[in-house]
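A quick write-up on the structure given underneath.
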Amino acid sequence: MTVLTKVVKYAIKDRLERLFDYIAYRRDAGFFCRILFYPLYLLSILYGAAIRIRLALYSSGLFKAREIGCKVVSVGNITVGGTGKTPTGEFIARRLNERGVKAAILSRGYKRKGKGIGVVSDGHQLLLGPEEAGDEPYMLARRLKNVPVFVGADRYEAGRYALERLPLDVIILDDGFQHVRLKRDFDILLVDGEKGFGNAHLLPRGPLREPLTGMKRADIFLITKASSDTGRIADSITDKQPEAAVFKSSYRPERLVSLRDGAKTGLDAISGHRVTALSAIANPSSFITLLSSLDCTLVSEISFPDHYSYTAKDMEGVEKKARAAGAEFILTTEKDAVKIERFKDKMGMPIYYLEIGLNMNGNEERFINAILAGIQG
């Protein structure tokens with residue numbers, strides 16, 4: 001694929017993603033828009049019928065969910081896009097590990113180049129790079145030094161593979177809410193605190209992967225990217241699940257890491273400086289919101305489509321735009337850092353990535369205790 005072809009491809013993809021956001025998250029669409037989007041609504045009916053039949057086959061017992069052989073905790077969502085599954089999975093794995101629970105993370109490894117089952121980390125060392133593992137599993141393995149990370153499209157086979165090699169108490173299934181053919185002991189449903197359930201329509205008319213009735217499978221709910229405006233979302237959850245335990249979390253900037261040498265520094269390193277934000281994630285606005293909480297001046301924003309694969313030419317363009325905007329630093333996400341690290345020696349401008357943590361406003365222990373009670377009861 002030539003550079004020009006790749007640029008055109010991702011430009012089209014970016015436009016389509018923006019159009020989808022407009023379609024899926026606008027509740028005040030006028031009469032003309034509703035007529036225009038009516039074919040998508042018809043397609044969503046067909047999609048919904050297929051999903052309902054599939055779920056009914058499993059709930060009736062005609063299709064059997066397969067057991068891995070240890071406890072399984074699923075972290076997933078009911079909408080498309082990023083809801084914070086990766087940092088949530090990391091938080092759970094870290095806290096369980098601290099309590100002596102032997103946990104591993106199992107991911108599909110979206111857009112990875114490797115095939116079959118991959119061992120990203122055995123809990124002692126990294127065994128795969130970001131291209132073979134996928135950027136998010138690699139990022140998890142790099143941050144979780146004592147937690148094994150496996151990838152594989154067939155989660156059952158990957159889970160069995162993990163158990164044959166390691167003594168595990170629990171497997172954390174990343175993005176597993178719709179993976180009903182694998183038996184789970186505890187389901188955590190994440191809900192985006194900024195977007196909620198959008199227009200409440202199924203794909204492709206809306207953002208829902210399955211009907212909202214599927215929420216009944218969740219054991220607990222976690223509203224991510226929560227703010228003072230998320231009360232409406234919490235109410236919509238309890239309206240459908242009156243007895244549901246609903247937790248809230250937000251991202252907390254923790255430290256900066258230099259892409260050049262891996263040196264970690266405090267957030268005050270960019271205090272008073274002019275920065276350019278760089279990201280290729282599902283919801284770039286959440287990254288911008290985080291940066292706005294820091295004591296720096298954001299002079300420009302550069303975003304690429306989610307899971308974008310950067311080239312040397314891209315990074316030349318990024319640095320050129322950053323310099324033109326008067327930036328002194330480029331700030332990116334940890335997910336992006338694993339993909340642009342190979343270009344670090346060619347970059348003249350300092351690049352940092354932001355390490356983030358999960359803030360649950362003092363409810364961290366209650367959240368973990370709820371998970372433990374669910375898998376031990």
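Values computed for the structure shown
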item	result
Dipole of region 89-157, positive direction: furthest Cα of Ala153, Ala104, Gly129, with charges on the beta-carbon	Ala104
With every protein chain in place, region 117-198: carbon and sulfur % of accessible area (1.4 Å)	45
Separation between Cα centres of region 269-297 and region 231-263, rounded to whole Å	18
Value of [θ]222 nm, deg cm²/dmol, for the chain, DSSP H segments ≥ 4, -39500 (n - 2.57) each, nearest 500	-11500 deg cm²/dmol
Arg26/Ser293 FRET efficiency (R0 25 Å; Cβ-Cβ; nearest 0.05)	0.35
Listed peptides 267-280, 340-353, 45-58 by packing density, highest first (mean Cβ within 10 Å)	267-280, 340-353, 45-58
Lys, Arg +1 and Asp, Glu -1 on Cβ, resulting dipole of region 103-149 about Cα centre, debye, nearest 20	80
Farthest positive-ward along region 157-230 dipole, Cα basis, beta-carbon charges - from Thr230, Gly206, Val191	Gly206
Packing rank of 251-260, 197-206, 291-300, where each peptide gets the mean count of other beta carbons within 10 Å, highest leading	197-206, 251-260, 291-300
Test item: Cα-centred dipole of region 45-176, Lys/Arg +1 and Asp/Glu -1 on Cβ, debye	180
Spin-label pair Thr265/Arg209, simplified geometry with 7 Å Cα→Cβ offset, distance in nm	3.9
Mean accessible surface per residue for the chain, computed with a 1.4 Å probe while every protein chain stays in place, in Å²	47
Reachable lysines, given that their alpha-carbon falls under 16 Å from the alpha-carbon of Lys102 and they are not under 8 places away in the same chain	Lys71, Lys145
FRET efficiency for Ala282 and Lys64, using Cβ-Cβ distance with R0 set to 25 Å, rounded to 0.05	0.15
Cα-projected label distance for Glu365 with Ala49, points at 7 Å along beta-carbon direction, nm	5.3
Student exercise, the chain dipole from Lys, Arg, Asp, Glu Cβ charges, in Debye to nearest 20	960
Which of Leu290, Ser250, Tyr22, positive extreme of dipole for the chain (C-beta unit charges)	Tyr22
Selected from Lys71, Lys248, Lys111 as most flexible by GNM, with the chain as the system and alpha-carbon contacts under 10 Å	Lys111
Candidates Gly193, Gly81, Gly134, ranked by Gaussian network fluctuation over the chain, Cα under 10 Å, top entry	Gly81
Stretchable slack from Ser236 to Glu316, in nm (0.36 nm times residue separation minus alpha-carbon distance)	24.2 nm
Among Glu98, Glu301, Glu364, residue whose mean-square fluctuation peaks in a GNM of the chain (springs only between Cα atoms under 10 Å)	Glu98
Over 24 Å between alpha carbons, listed pairs Lys183/Lys339; Lys85/Lys240; Lys195/Lys320	Lys183/Lys339; Lys195/Lys320
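The values are calculated or read from the model by the stated rules, or taken from the named source; none is laboratory data. Only a predicted model underlies this, so the values are computations on that prediction, with no experimental measurement involved. When we count neighbours, we look across all protein chains shown, and the Cβ atoms used for this are built from the backbone with ideal geometry, even at glycine. Protein only, heavy atoms only, side chains kept; ligands, DNA and RNA dropped before computing areas. Shrake-Rupley method; radii C 1.70, N 1.55, O 1.52, S 1.80 Å.
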